[in-house]
Structure formats: structure tokens, C-alpha cells
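Read through the structure below, which is laid out as C-alpha cells, and then see the notes.
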Amino acid sequence: MYSKILVLRFSNKVVHNPVVCTLAKEFDLTFTILNATILPRKEGVMVLELSGSKNNFKNGVKYLKDQGVNVKNASQEIKRDDKKCTHCGACIAVCPTGALYIQRPEMLVVFDQQKCSVCELCIPACPPRAMKVRPKTGMIFDFQS
Ligand code: SF4
Ligand code: SF4
């Protein structure tokens, strides 16, 4: 059994197509949705764990790409450089999952990585560039292999 966590990005053209259900039916794969978000411009980001035989997995990923879905393995994560963060709050308005929020009464901006969908919207929104995307160790794999 082959099992990986993937980040799927759907354009607004394919966001309403049942591609994930088709994926399960046609390629005999099972999936668990870990996080799903519709972004402000109606794009969708979904983090899911996909399992099945390696061959079905590869064919399933090819199917997603053919449907116009951007597929990445979850080998990236968002980190905040706490030394750079000024707690200005600019990132909160763009974060679609509530991973960035204000803690009251201290008025500090908290980053909850468990809620982060790695959509990267906070990176350009942060004036001192405290939010960074970086590779996760131990989860790298190659879709072509
Ligand atoms: S990448 Fe940034 S904006 Fe996107 S969910 Fe994570 S913390 Fe929120
Ligand atoms: S935008 Fe950047 S500096 Fe401002 S609260 Fe968010 S992470 Fe901190």
C-alpha cells in the first residue's frame, strides 16, 4: 500500500468538478481529506491523504493533472520567523483557514501550523517577510517514480 499526503490546487474552472470522487472510483484509491479551503478568488486548496497501489497512485495523479489540478506533495510547510514578526496583523485578513489569529488581550498574532493549508497567501502579505515556505524533511517523493 502506497500512501502520501498531497496538496491539490483547483482553479475556479475545475473547483466544482467531482475529480476527487472520480479519482477514488476510477483508480481504486482511498482518500482522507485533511483540509479543504475555497480561496477568495474561488480557487480551491485541498490537502488529502491518498492511498492505493503505487501504479494506481501514479495514474491517479496523472488524471488529476490532466484535469488541470495542480498537484504537489505535502513536502512543504509554512514557518514563521518569530524574530521578524511585528504582530502587525496584516496576514490575518488573507489567511483562509484561521491559522493566523489574534490572541487577546495580549494582541499577539498566533500562527497555528496545524490549521495551515500551505496556500502561501500570507507570504507576500507580510511586510517584514516573516512567513516562509520551506521543504519538510522526510516526506519528499517523486511522482514520476
Ligand atoms: S499559508 Fe499562510 S495564509 Fe495560507 S493557510 Fe497557512 S498561514 Fe494561512
Ligand atoms: S503580517 Fe507578518 S509581521 Fe505581521 S503579524 Fe503576520 S507574520 Fe507577523
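All of the numbers you see were taken from the coordinates with simple rules; none came from a lab. As the structure is a computational prediction, the values presented were derived from the model and not from experiment. FYI the Cβ positions are ideal-geometry reconstructions off the backbone, even for glycines, and counts take in every protein chain you see.
Just the Cα atoms of the range 2-73: what Rg and Dmax do they give in Å?
Just the Cα atoms of the range 2-73 yield Rg and Dmax of 11.3, 35 Å.
Can you give me the distance in nm between label points at Gln103 and Lys4, each placed 7 Å from the Cα along the Cα-to-Cβ direction?
3.6 nm
Greater than 31 Å separation of Cα atoms is the criterion. Which listed pairs, Lys83/Lys115; Lys42/Lys83; Lys42/Lys115, meet it?
Numbers: Lys83/Lys115 21 Å; Lys42/Lys83 33 Å; Lys42/Lys115 19 Å.
Violating the 31 Å Cα-Cα cut-off are Lys42/Lys83.
If the cut-off is a Cα-Cα distance under 21 Å, which lysines reach Lys54, setting aside same-chain residues fewer than 8 apart in sequence?
Those lysines meeting the cut-off are Lys4, Lys25, Lys62, Lys65, Lys72.
222 nm [θ] for the chain, helices only, -39500 (n - 2.57) per DSSP H run of 4+, per residue, to 500? Before the final figure, lay out each step's value.
Working: 3 runs with 26 residues, N = 145.
Rounded to the nearest 500, the figure is -5000 deg cm²/dmol.
Mind listing the lone cysteines of the chain, meaning no other Cys beta-carbon sits under 4.7 Å from theirs?
For the chain, the answer is Cys21, Cys85, Cys88, Cys95, Cys116, Cys119, Cys126, because their Cβ atoms have no other cysteine Cβ under 4.7 Å.
Under 25 °C and 0.890 mPa s, how fast does the chain diffuse according to Stokes-Einstein, given a Kirkwood radius computed over C-alpha pairs? Answer in µm²/s, whole number. Intermediate results must be reported in sequence, preceding the final value.
Details: Rh = 16.4 Å.
For the chosen part, D equals 150 µm²/s.
Can you list the residues, at least 5 places off or on another chain, whose amide H is less than 5 Å from the amide H of Tyr101, using H built in the peptide plane?
Residues meeting the amide H criterion: Val110, Asp112.
For Asn70 paired with Glu120, estimate the spin-label separation in nm (one decimal), with each label point 7 Å from Cα along the Cα-to-Cβ line.
0.6 nm
What does the charge add up to near Lys132, with Lys and Arg as +1, Asp and Glu as -1, over the other residues with Cβ less than 9 Å from its Cβ?
Working: positive: Lys79, Arg80, Arg129, Arg134; negative: Asp81.
So the environment of Lys132 carries a net charge of +3.
Using the 10 angstrom Cβ neighbour count as an exposure proxy, how do Arg9, Arg129, Arg104 rank, fewest first?
Arg104, Arg129, Arg9
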